[in-house]
1. Considering only residues that are of a type in the set (F, W, Y) and over 11 Å from A129 (Cβ atoms), look in the stretch 162-174 and name the one that is farthest from the chain's Cα centre (by Cα).
2. Taking only the stretch 105-141 into account, find how many residues are within 14 Å of Y43 (Cβ to Cβ), outside any loop (DSSP other than H, G, I, E, B) and in contact with a helix residue (DSSP H, G or I) (Cβ under 9 Å, 6 or more places away or on another chain).
3. If I47 meets every condition in (1) surrounded by 20 or more Cβ atoms within 10 Å (Cβ to Cβ); (2) over 12 Å from H145 (Cα atoms) apart from one, which number is that one?
4. Restricting to the stretch 119-152, give me the number of residues that are surrounded by fewer than 17 Cβ atoms within 10 Å (Cβ to Cβ), at pLDDT below 95 and in contact with a strand residue (DSSP E or B) (Cβ under 8 Å, 6 or more places away or on another chain).
5. Quick test of your reading of the structure: Q98 fulfils all but one of (1) under 18 Å from E36 (Cβ atoms); (2) out of contact with any Ser or Thr (no Cβ under 9 Å at 6 or more places or on another chain); (3) assigned to a loop (DSSP other than H, G, I, E, B). Name the failing condition by number.
6. Give me the pairs: first residue in the stretch 104-118 and at pLDDT 95 or above, second residue of a type in the set (D, E), beta-carbon distance under 6 Å, and six or more apart or on different chains, which are they?
Amino acid sequence: MSKFFIDFDLNSFWEDGDYSRKNYVDVFPSDELIKEVESELGYKLPIAYLDFMKSQNGGIPNNNSFPCKEETSWAPDHVAISGFLNIGNRKSNSLCGQFGSQFMVKEWGYPDIGIYFAKCPSAGHDMIALDYRKCGRDGIPQVVHVDQDCDYKITFLAENFETFVMGLVNWRNFYIE
């Protein structure tokens, strides 16, 4: 049982599809692998993130949009995510995988503010990150949106990872049918 996501239905959180299983989902990592990932990234993963990934290690969420107060290149009132990177290094969409957090910093020029943990539908032109600038490498990071198309503009989303996850809503909330 989750210590953080009380009264939150983690069982229905994840989309169950072949693409998600093939590209994002991995087995929950051992304590040893978690330490290796943290060492490679240079940041301690928040306990809420580790707890959350016990429901499923990476994947595509059913609710994939987060409301925001500032306009981004995606929309005037929200950001969208296409998947959560898993804790590991075996798949390309792992925190330490081929297209993981350090790839975004070293190859795409994203600012080194923390851990890039969620991809957006823009194919790399914006990302969601755990931002450690205020709390240090071992603290509880905020969640931000980083927008390459707007000169790597950083937009605050949530005080912590749990608040971010629990604030995700269905994309239909932002469109009138």
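The values are calculated or read from the model by the stated rules, or taken from the named source; none is laboratory data. Quick caveat: nothing in here was measured; it's all calculated off a predicted structure. A quick note on method: Cβ atoms are made from the backbone with ideal geometry, for glycine too, and the neighbour counts reach across all protein chains shown.
1. Step one: filter the stretch 162-174 for residues of a type in the set (F, W, Y), giving 164, 171, 174.
Right, trim to over 11 Å from A129 (Cβ atoms) and you get 171, 174.
Working: W171: 17, F174: 21 Å.
Filtering the stretch 162-174 for residues that are of a type in the set (F, W, Y) and over 11 Å from A129 (Cβ atoms), the one farthest from the chain's Cα centre (by Cα) comes out as F174.
2. Going through the stretch 105-141 one residue at a time, the tally reaches 6.
3. Evaluating I47 over (1) surrounded by 20 or more Cβ atoms within 10 Å (Cβ to Cβ); (2) over 12 Å from H145 (Cα atoms) leaves (1) as the failure.
4. The number of residues fulfilling the criteria is 3.
5. (2)
6. Close Cβ pairs satisfying both conditions: V105/D112; I113/D131; G114/D131.
Residue-by-condition table, conditions (1) under 21 Å from V169 (Cβ atoms); (2) touching a residue at least 40 places away in the same chain (Cβ under 8 Å); (3) in contact with a Leu (Cβ under 7 Å, 6 or more places away or on another chain); (4) of a type in the set (D, E, K, R):
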{"residue": "D7", "(1), (2), (3), (4)": "yes, no, no, yes"}
{"residue": "L10", "(1), (2), (3), (4)": "yes, yes, no, no"}
{"residue": "W14", "(1), (2), (3), (4)": "yes, yes, no, no"}
{"residue": "V25", "(1), (2), (3), (4)": "no, yes, no, no"}
{"residue": "D31", "(1), (2), (3), (4)": "no, no, no, yes"}
{"residue": "E38", "(1), (2), (3), (4)": "no, no, yes, yes"}
{"residue": "K54", "(1), (2), (3), (4)": "no, yes, no, yes"}
{"residue": "G59", "(1), (2), (3), (4)": "yes, yes, no, no"}
{"residue": "S82", "(1), (2), (3), (4)": "yes, no, no, no"}
